[in-house]
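Before any comments, here is the structure.
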Amino acid sequence: MSAPSHVPASRPIGVFDSGLGGLTVLQAIQERLPAENTVYFGDTGRTPYGTKSPETIIKYSQQISRFLLEQNVKMIVIACNTASATAFEAVRDAVDVPVIEVITPGAEAAATATQNDHIGIIGTRGTVNSGVYVRAVRKAIGKRLALAACCLNNPHQDATKVQILQQACPLFVGLAEEGWWDHPITQAVATEYLKPLQDAHVDTLILGCTHYPLLAKSIADVMGPEVKLINAGNNVATEVEAVLQKNGLLNLSNNHATHAYFTSDDAAQFQQLGSAFLNRPVQAAGRVDIERY
Ligand code: DGL
């Protein structure tokens, strides 16, 4: 499945997640960059990551990166918020290809979208406890305010008015994997989790876990139509394109792109559930003993 190494741009983009959620990011990448070959690894045998220690998440992410490098990837996309929040630096420092995380694109999209500067973040416990999103949103807001003060000649915005509220929603991952995307139980759980964010009048909500876009309808029903939901998939795809372009790695061929899928657990189940997450058939999947890496 690996592309010839003497044609760097035809090498695949490697994408990984703790399980199936990263397929929502892969879908956006495949749609934006249809000529790109891709290799996806979903760690369904060791999911969830959201409840695990940083040391474990770093070890898992490094193992997967070694597997992806063996597939001759030209870039690694960490399509898992929990792994992005915990293991980005460890992966970036260990590999010699560009590494993309999913936190910054979502934070920047939220900083641009908010009108009242009340931003909500939902994610796994691991992501929320890391505080990475709060720092990324503050940085993105700072950039926006600096731009408004200097270039848009609007010095009146005030960074101290920005409110950022986080909420861990651990049950959402199971509900997404169960296929209960628009289901009364999901509505009930969402109503409970999202109440503090409603009370804080957030007008922008970051879906800070790659499983959550699948529950977008239930989340939107609870939050109301005026609250913007940020699904970073498209922003990540834009970032992937920009980094490939900058490094001269964009695949400009007209060949039919190939997409390979690997999992650390049952391949047939990955194919079946993965097709629903990806919104197109996962034709074949291979099982990998990831502990070997
Ligand atoms: N896909 C993971 C994320 O984006 C969540 C699932 C898990 O806990 O492993 O954070």
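The values are calculated or read from the model by the stated rules, or taken from the named source; none is laboratory data. Because the structure is predicted, anything quoted here is derived from the model rather than measured. With ideal geometry, Cβ positions are generated from the backbone for all residues, glycine too; neighbour counts draw on all protein chains shown.
Please work out if Thr51 is within 12 Å of the ligand (Cβ to nearest atom) and more than 18 Å from the chain's Cα centre (by Cα).
Against the criterion (within 12 Å of the ligand (Cβ to nearest atom) and more than 18 Å from the chain's Cα centre (by Cα)), Thr51 does not qualify.
Quick one: which of Asn254, Asn231, Asn247 is under 18 Å from the mean Cα position of the chain (by Cα) and not hydrophobic (A, V, I, L, M, F, W, C)?
When all the criteria are applied, what remains is Asn231.
Condition check: modelled with pLDDT under 95 and in a helix (DSSP H, G or I). Does Thr104 satisfy that?
It is false that Thr104 is modelled with pLDDT under 95 and in a helix (DSSP H, G or I).
Just need a number here: residues in the stretch 66-99 that are more than 16 Å from the ligand (Cβ to nearest atom) and closer than 16 Å to Val134 by Cβ.
Adding up the residues that qualify gives 0.
Determine if the stretch 25-47 includes at least one residue that is without any contact (Cβ under 8 Å) to a residue 24 or more places away in the chain and buried (at least 19 other Cβ atoms within 10 Å of the Cβ).
No, the stretch 25-47 has no match at all.
Taking the options Val15, Val102, name whichever one is under 21 Å from Gln245 (Cα atoms), within 11 Å of the ligand (Cβ to nearest atom) and buried (at least 24 other Cβ atoms within 10 Å of the Cβ).
Val102
Quickly run through the stretch 105-128 and pick out the residues that are more than 16 Å from the ligand (Cβ to nearest atom) and of a type in the set (Val, Ile, Thr).
Selection gives Thr112, Thr114, Ile119.
Go through the stretch 268-293 and give me each residue that's small (Gly, Ala, Ser) and crowded, with 19+ Cβ neighbours inside 10 Å.
Result: Gly274, Ala285.
Of the residues in the stretch 146-180, how many are at pLDDT below 90, touching a helix residue (DSSP H, G or I) at 6+ places or on another chain (Cβ under 9 Å) and in a helix (DSSP H, G or I)?
2
Here is a list of conditions, (1) assigned to a loop (DSSP other than H, G, I, E, B); (2) crowded, with 22+ Cβ neighbours inside 10 Å, and Leu250 meets all of them except one; can you say which number that is?
(2)
If a residue must be within 16 Å of the ligand (Cβ to nearest atom), in contact with a strand residue (DSSP E or B) (Cβ under 7 Å, 6 or more places away or on another chain) and not in a helix (DSSP H, G or I), how many such residues does the stretch 181-225 contain?
Result for the stretch 181-225: 6.
Going through Leu244, Leu205, Leu229 one at a time, which residue ends up being within 20 Å of Thr127 (Cβ to Cβ) and touching a residue at least 40 places away in the same chain (Cβ under 8 Å)?
Only one candidate qualifies: Leu205.
Looking at the structure I just gave you, is Glu70 out of contact with any strand residue (DSSP E or B) (no Cβ under 6 Å at 6 or more places or on another chain) and more than 21 Å from Asn235 (Cβ to Cβ)?
Criteria met by Glu70.
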